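No lab work stands behind these numbers, since they all come straight from the coordinates. Please read all numbers here as calculations on a predicted model, not as lab measurements. Positions of Cβ are generated from backbone atoms using ideal geometry, with glycine treated the same way; all protein chains shown enter the neighbour counts.
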2 protein chains.
Amino acid sequence: MDRETANDRCDCDVIHEEAVGRVRARLPDEEALCDLADLYKVFGDSTRIRILSAVDGDELCVCDIAALLGMSKSAISHQLRLLRQAGLVRGRRDGKIVFYSLADEHVHGILDLGLVHLSELR
Amino acid sequence: MDRETANDRCDCDVIHEEAVGRVRARLPDEEALCDLADLYKVFGDSTRIRILSAVDGDELCVCDIAALLGMSKSAISHQLRLLRQAGLVRGRRDGKIVFYSLADEHVHGILDLGLVHLSELR
DNA sequence: TGCTCAGTTGAGCAACCGTGCAACTATAAG
DNA sequence: CTTATAGTTGCACGGTTGCTCAACTGAGCA
């Protein structure tokens, strides 16, 4: 048999066609799900989560955040760039200082929903 | 000056002490924020997001999911393990077949909230 | 103009992560 | 028993990522 060597490339025949068809019909398109993964990827790092939590309700400059988290300004700035690109924080320049804050209410909602989920596991 | 070589270890003195103190008081403890990051880390991969979306409302076996996503059973199984460990999906064995489904309503809520956020950016 | 400080950026490196491969377990059927 | 199939797992490898370091920008001030 000249089947491809990968014995794993689903050659199984007992697929539940009805369920799979139903799912295929209701599944969001792949691009939307990739965007969703990219969004949550930004939340999936403890430094970024702590930054988001820090600027949730208060405006802080890079130095403030660096001191608060005990990290270098460079590291914070790198992460702030990702957060900006993802549209999760806004920067407002005042002289030499840039103040950061949450971009919108959704971000607060996502932080909150995750914490609620974790607290209800106990 | 025998300052440490890292010119970056926040030596700045214009920290906004009031704001930083306020934030430090209301910030969730570090462990909770790490757990939160670990939770969202699991959502931060397109394969896992597609699996979650697939089993959101339907029970599917590993073969079904592999066929649906056009991936190997091994890859799916690896990801399902992470999803199980994170408490996001449940597996129910029926003979040789293991059916997977979402673990609880929260997971659906998190998927949904993210999609709503993305859709409202346009 | 020149100095200082807040912040940004690119290169590089170590650690992490997703997947393929192959060997394995578990259940069913002959 | 043997065989077949659904699923799991450890290892290895290539790609990604978070941080440090050093150089840079830009605003304020003398």
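What does the charge dipole of region A:58-122 about its Cα centre add up to, to the nearest 20 debye, if the Cβ of each Lys and Arg holds +1 and the Cβ of each Asp and Glu holds -1? I would put it at about 400 debye.
Can you sort A:R48, B:R26, A:R90 from fewest to most other Cβ atoms within 10 Å of each residue's own Cβ? Let's see the in-between values first.
Numbers: A:R48 23, B:R26 11, A:R90 15.
By the 10 Å Cβ count, ascending, the order reads B:R26, A:R90, A:R48.
Kirkwood Rh and Cα-based Rg: tell me the resulting Rg over Rh for the protein assembly as shown, rounded to two decimals. Could you put the intermediate results ahead of the total?
On the way: Rg = 21.7 Å, Rh = 20.0 Å.
Dividing the radius of gyration by the Kirkwood radius yields 1.08.
With a 10 Å Cβ neighbour count serving as the proxy for reagent exposure, in which order, fewest first, do A:S119, A:S101 appear? Working shown, then result.
Values: A:S119 10, A:S101 14.
Ranked by crowding around the Cβ, least crowded first: A:S119, A:S101.
Taking the Cα centre of the protein assembly as shown as origin and charging only Cβ (+1 Lys, Arg; -1 Asp, Glu), how large is the dipole, in debye to the nearest 20?
Numbers: 32 positive and 44 negative charges, 58 e Å.
With Lys and Arg at +1 and Asp and Glu at -1, about 280 debye.
Note on the protein assembly as shown: lysine pairs with Cα distance below 25 Å, sequence gap of 8 or more or different chains, count 7.
What separates the A:G95 label point from its copies, with the point 7 Å along Cα to Cβ, is 7.5 nm, written shortest first. Note on region A:19-122: Cα convex hull, mean projected area over all directions, 8.9 nm². Among the residues of A:107-114, the average count of other protein chain beta-carbon atoms within 10 Å of the residue beta-carbon is 4.
Most fluctuating residue of B:D64, B:D38, B:D94 in a GNM of chain B with Cα springs under 10 Å: which is it? Answer for the Gaussian network model of chain B: B:D94.
Placing +1 on the Cβ of every Lys and Arg and -1 on the Cβ of every Asp and Glu, with no other charges, gives chain A a dipole of roughly 820 debye about its Cα centre. As a proxy for reagent exposure, A:R93, A:R84, B:R122 were ordered by neighbouring Cβ count within 10 angstrom, fewest first; the result is B:R122, A:R93, A:R84. Mean projected area of the convex hull spanned by the Cα atoms of region B:66-122, taken over all viewing directions: 5.2 nm². Taking every C-alpha pair closer than 8 Å and separated by at least 6 residues, the mean separation divided by the residue count of chain A gives a relative contact order of 20 percent. Among A:L52, A:L27, A:L68, which one moves the most in a GNM of chain A with springs linking Cα atoms closer than 10 Å? Result for chain A, Cα springs under 10 Å: A:L27 fluctuates most. Springs join every pair of Cα atoms under 10 Å in this Gaussian network model of chain B, and among B:G109, B:G91, B:G21 the largest mean-square fluctuation is at B:G21.
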